[in-house]
Amino acid sequence: MLFKAEYKNKLIKIFVPIMLSNLIAQVQMFIDRIFLGRMDILYMSAVGNATAPMWTTMSFVFSMAMGASILISQSVGEKDIEKAKDYAASMIKLHNVIPVLLFLFWTFCSPLVFRLMGVSENVMKPCVTYTRIYAPVYLIIGLWASYSVVFQTSNYTKPLVAYGIIRSVLNIILDYLLIFGKFGFPRMEIAGAALGTTIAEYVGAIYLLYITISKKDKFFTSPGLKRILGAKIRPYFESIKLGIPTACEDLLWNVGNLCIIRILNTINEKAAGIYSMVFTVEILFVVVIGAIGSGTLTLSGEATGAKDLKLYKAVVKTSVKWAFLVAAFALIFVSIFPRLTLSLFTTDKDVIEMSVIYIIMVAANLFGKSGNIIVGNGIRGYGDTKWMLFTQIMGTIGVVSLAALCVFVFKLGMLGVFVAVLCDEGLRAVINYIRYRRIKF
């Protein structure tokens, strides 16, 4: 089959634009945190504490849409495009209720969340300020999550690059103007960072809306307005039923991360800032691996729909190799230039020296994370989302328990937290790989 001969090209066609878009976004976030970290390391703690729980709930919305992505990809593999469009239409029409509720929650209830996280009084005010200004972004993420599925399943993700450039360049400019108060703009500090990001997200959303309308012939899984308005609820429930385990899995990972931040807040005020700084570097590489994972999900779903086990295995195997190459590059780069990398975020020599071992450990962690992202998306593309939820339940319990044991019993401080994270990703990667090897059509 021609499809078999070209699966690598299709994988590249899907993941490269997603990767570039996400990398551009992460570079923007990178610069945003450099601005804030150089102003005050406590702002890094504030952003880390604020964005972790917010991203947890945002990620839940995006992960719920993954069920539709699986079903649409499988329909494409079955060559039933009309069924694929029905799933897409139902998702676009109905996947907005939860984001609106989240907007209201974060606008009015964020102080309660930060108190539960153990945020200190010094960090509480900037946390709440950042959250309330950024909260309106929730009003557009339902549509963004839905159309992300359409872009991926149509194998046309090229517009995401321009989207990433537009929103990220605008965000950097607005951050510079509003954080520091340049060229007559008010000096808003952390409030300026939140406002700049919110404005940039809305401008990016307008661009994607324009592309979706003007290039509708490129999106073969995209439904028309008439189909969206007339969409039934049943396809949405079918996709949500498949997506909820993935959303819960993602939620559990993020809850584990929040628990770790809670443990870090008991060490000192700077601990969460250091954790946030180190993982900001890791995220630059994770978005590349995650983009490969997105392509893996789509193509493994199509292979499942076509009942082609050989193609399914080839897609996952190729993706794992590419992801491991990214992880190897990250480990080599960080091991050679740890202090240079860390100095981008802070001028505090003591903080830089104590963080060297952590940033190297986080880079080593990318191998386990690669296995979980790529193999996990292959398992999801096959249609088994419950397995990944099961391993994440065990992983969250394990990583939080081990982190607490290392910090409170063995008194290892921050080192204990990073040891726990490394053990969690590595063990789950092995378990998920064993499950993947047993898949048969």
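Tabulated values for the structure
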| quantity | calculated |
| --- | --- |
| Matching residues, segment 148-162, being surrounded by 23 or more Cβ atoms within 10 Å (Cβ to Cβ) and part of a helix (DSSP H, G or I) | Val149, Val150, Phe151, Gln152, Thr153, Leu160 |
| Qualifying position, being outside any helix (DSSP H, G or I), farther than 19 Å from Gly256 by Cβ and not polar (S, T, N, Q), among Ile439, Ile360 | Ile439 |
| Every residue from segment 108-126 that is farther than 16 Å from Trp55 by Cβ, part of a helix (DSSP H, G or I) and open to solvent by less than 30 Å² (accessible area, probe 1.4 Å) | Pro111, Val123, Met124, Pro126 |
| Any hit, segment 156-172, residues being more than 22 Å from the chain's Cα centre (by Cα), among the aliphatic types (A, V, I, L, M) and closer than 16 Å to Ile34 by Cα | no |
| Candidates Leu229, Leu178, filtered to the one that is within 27 Å of Val128 (Cα to Cα) and modelled with pLDDT of 90 or more | Leu178 |
| Spans of helices (runs of 4 or more DSSP H) in segment 208-315 with at least 3 residues touching a residue at least 24 places away in the same chain (Cβ under 8 Å) and hydroxyl-bearing (Ser, Thr, Tyr) | 233-265, 271-305 |
| Residues being of a type in the set (S, T, N, Q) and within 19 Å of Val203 (Cβ to Cβ) - total across segment 153-183 | 2 |
| Leu104, sole failed condition from (1) among the aliphatic types (A, V, I, L, M); (2) in contact with a Lys or Arg (Cβ under 9 Å, 6 or more places away or on another chain); (3) at pLDDT 95 or above | (2) |
| Residues satisfying the stated conditions in segment 296-330, i.e. closer than 30 Å to Val281 by Cβ, aliphatic (A, V, I, L, M) and open to solvent by 50 Å² or more (accessible area, probe 1.4 Å) | Leu325 |
| Test: residue in segment 127-145 that is at pLDDT below 90, basic (Lys, Arg), surrounded by fewer than 24 Cβ atoms within 10 Å (Cβ to Cβ) and more than 14 Å from Ser69 (Cα to Cα) | no |
| Selected residue [closer than 30 Å to Ser239 by Cα, among the aliphatic types (A, V, I, L, M) and without any contact (Cβ under 8 Å) to a residue 40 or more places away in the chain] from Ile397, Ile336 | Ile397 |
| Single residue of Glu82, Glu78 found to be open to solvent by 30 Å² or more (accessible area, probe 1.4 Å), of a type in the set (Asp, Glu) and in contact (Cβ under 8 Å) with a residue 12 or more places away in the chain | Glu78 |
| Flag if Ala420 is of a type in the set (Gly, Ala, Ser) and farther than 20 Å from Tyr358 by Cβ | no |
| Looking only at segment 153-170, and only at residues there that are modelled with pLDDT of 90 or more and polar (S, T, N, Q), the one that is farthest from Ile70 (Cα to Cα) | Ser154 |
| Failed item, numbered, when Pro235 is tested on (1) modelled with pLDDT of 90 or more; (2) under 20 Å from Met388 (Cβ atoms); (3) out of contact with any Leu (no Cβ under 6 Å at 6 or more places or on another chain); (4) surrounded by 15 or more Cβ atoms within 10 Å (Cβ to Cβ) | (2) |
| Residue in segment 363-384 that is surrounded by the most Cβ atoms within 10 Å (Cβ to Cβ), counting only those that are touching a residue at least 60 places away in the same chain (Cβ under 8 Å) and part of a loop (DSSP other than H, G, I, E, B) | Asn365 |
| Subset of segment 181-190 (residues that are under 26 Å from the mean Cα position of the chain (by Cα) and either outside any helix (DSSP H, G or I) or modelled with pLDDT of 90 or more (or both)) | Glu189 |
| Conditions (1) outside any helix (DSSP H, G or I); (2) out of contact with any Leu (no Cβ under 9 Å at 6 or more places or on another chain); (3) over 18 Å from His95 (Cβ atoms): number failed by Leu177 | (1) |
| Index of the failed condition, Leu402 passing every other in (1) open to solvent by less than 50 Å² (accessible area, probe 1.4 Å); (2) hydrophobic (A, V, I, L, M, F, W, C); (3) closer than 21 Å to Ser276 by Cβ; (4) assigned to a helix (DSSP H, G or I) | (1) |
| The one condition in (1) in a helix (DSSP H, G or I); (2) closer than 30 Å to Leu405 by Cα; (3) open to solvent by 10 Å² or more (accessible area, probe 1.4 Å); (4) in contact with a helix residue (DSSP H, G or I) (Cβ under 7 Å, 6 or more places away or on another chain) that Asp350 fails to fulfil | (4) |
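The values are calculated or read from the model by the stated rules, or taken from the named source; none is laboratory data. Not measured: the values here are computed from a predicted model. Reconstructed Cβ throughout: ideal geometry from the backbone, glycine too, with neighbour counts over all protein chains shown. The area values use the complete protein model at the heavy-atom level, side chains included, leaving out ligands, DNA and RNA. Shrake-Rupley method; radii C 1.70, N 1.55, O 1.52, S 1.80 Å.
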